[in-house]
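What follows draws every value from the coordinates through simple rules; no lab data is involved. If you're wondering where the values come from, they're calculated on a predicted model, not measured in any experiment. Using ideal geometry, Cβ is built from the backbone for each residue, glycine included, and neighbour counts are taken over all protein chains shown.
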Amino acid sequence: MEERIYSVTEFNSMVKEYLEESYLMKNFFLKGELSGVTYYKSGHLYFTLKDKKCQIKCAAFNYKYKRIPEDLKEGDSVKIFGDVGFYENRGDFQILVRHIEKEDKLGELYIELEKLKEEYSKKGYFSQLFKKRLPRYPKNIGVVTALTGAAFHDIVHTTRKRFPNINIYLYPAKVQGLGAEKEIAKGIETLDKIEELDLIIAGRGGGSIEDLWAFNKREVIESFYKCKKPIISAVGHEIDTLLSDLVADERAATPTQAAEIAIPVKEEILENLNKKRVYLEKLIEITFNNKRKDLEKRENNYIIKSYSNEILKKRDLLNEKDNRLKREILDLIKDKKHKLSLRGEKIVNMNPLKILSRGYSITYKEENIIKETKEIKKDDIIKTYLHKGIIISKVEEIKDSE
């Protein structure tokens, strides 16, 4: 038999090549129990997977991007999916993990979660078009959470610290375990009917993903979406898988953060109002000074200074026009009187009585003026009007003019 001698580097390289080329070492599942679970700030997760007889090292690089649970702990039964990895510099053999499912049927829950997420996404429940804006200065807020949990205490403490005058309405609800989703939904529905409430916070403190799962249930999703008041999902977790976060108007990582999002700081508001008051006072002062300077300029203006003289000139001109108008009116009246007098004399001269005074007379037969001899006959009684007096006579003879 030929003797084969390898260097450590050569041997490790051969092992690595063999493992990476073997299809049996890729895309497989392993079941076991977790031990030595360590999450690093670098974003990597390391642990040991074991059964009753053996164990193997495992690594999940950038676990957050692979949606690997962040609450894995010693003793958890899991199913992992990955490939064999061999670090040839140290000769370390490990499993490169791509996915982890807890063996308490959490994997099936995740499958159901993805179905719900897809369903409600198609319905538009997560669309920004339906997000309501939070009130800027709420007076009354409603909270749906456990009465004995730290979440309510944190919300109250944060609210009292930021704005003590705000009223808090609590609907105590079971937030994990059997029936929790129904109580959460009922709490949101109940608080939504209270007219004076300005917004609602629904949530709980942190916990395992199983503890938080009620906020992924259909009843809770529907209650968040149908809520007419602005609502914040405040569940203490970092991973972005809860459907209540997606459908809510705002999402807070913790109940404390929800209060910080919803409640303004009273001192900051007062400080801001004071700054605005100072600004307005300064603005008024500047405006007043500018107007005063402008007025002083106007007072020294030649046109304004000579304004009284202009008024006197205009008054003299007005008086002159007034006198001229009076003269013109008097002349017009005089002319009209003269014309009227001439017309009066003409009318008087045309008066029959005036004609009679010059020796003329008018003769009537009955009530008619006699103009021709043919209008009378012998024995007619006629009246002759003189300037002074009337002659009544009887016609004896009628002669026509030659």
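Annotations
- Both radii come from the Cα set of the chain: Rg as radius of gyration, Rh as Kirkwood radius; their ratio Rg/Rh reads 1.77.
- Efficiency of FRET between Val395 and Arg343 - r from beta-carbon atoms, R0 35 angstrom, step 0.05: 0.30
- Neighbour cut-off at most 11 other Cβ (10 Å), DSSP loop, chymotrypsin sites (Phe, Trp or Tyr not before Pro), the stretch 1-72: Tyr6, Tyr40
- Per-residue extension of 0.36 nm, minus the Cα-Cα distance of Val156 and Ile261, leaves a gain of 36.4 nm for this segment.
- Estimated from the Cβ-Cβ distance and a Förster radius of 51 angstrom, the FRET efficiency linking Glu103 and Ile5 is about 0.65.
- Quotient of Cα Rg and 2.2 N^0.38 Å for the stretch 35-131, N being how many residues it contains: 1.35
- Anisotropy class assigned to the stretch 143-242 is oblate, per the alpha carbon gyration tensor with a/c at or over the 1.5 cut-off and a/b no larger than b/c.
- Residue-averaged 222 nm ellipticity for the chain, from DSSP H runs of 4+ at -39500 (n - 2.57), nearest 500: -13500 deg cm²/dmol
- Percent breakdown of C-alpha pair distances by 5 Å bin, ordered from the shortest bin, for the stretch 270-402: 2, 7, 7, 7, 6, 6, 4, 4, 4, 4, 4, 4, 4, 4, 3, 3, 3, 3, 3, 3, 3, 3, 3, 2, 1, 0, 0
- Residues of type aspartates and glutamates that Lys365 reaches as a straight line, Cα spacing below 15 Å, ignoring anything fewer than 8 places off in the same chain: Glu375, Asp379, Asp380, Glu396
- Taking one quarter of the surface of the convex hull spanned by the alpha-carbon atoms of the stretch 362-402 gives a direction-averaged projected area of 3.1 nm².
- For the stretch 212-327, the Kirkwood hydrodynamic radius from C-alpha pairs, put into Stokes-Einstein at 37 °C and a viscosity of 0.692 mPa s, yields a diffusion coefficient of 153 µm² per second.
- Alpha-carbon gyration tensor eigenvalues x 5, square-rooted, for the stretch 84-230, Å: 37, 20, 16
- Of Ser233, Ala151, Ile200, farthest towards positive along the dipole that unit charges on Lys, Arg, Asp, Glu beta carbons give the stretch 92-250: Ile200
- Of Lys31/Lys53; Lys31/Lys117; Lys131/Lys182; Lys131/Lys161; Lys26/Lys117; Lys16/Lys73, pairs whose Cα-Cα distance is over 19 Å: Lys31/Lys117; Lys131/Lys182; Lys131/Lys161; Lys26/Lys117; Lys16/Lys73
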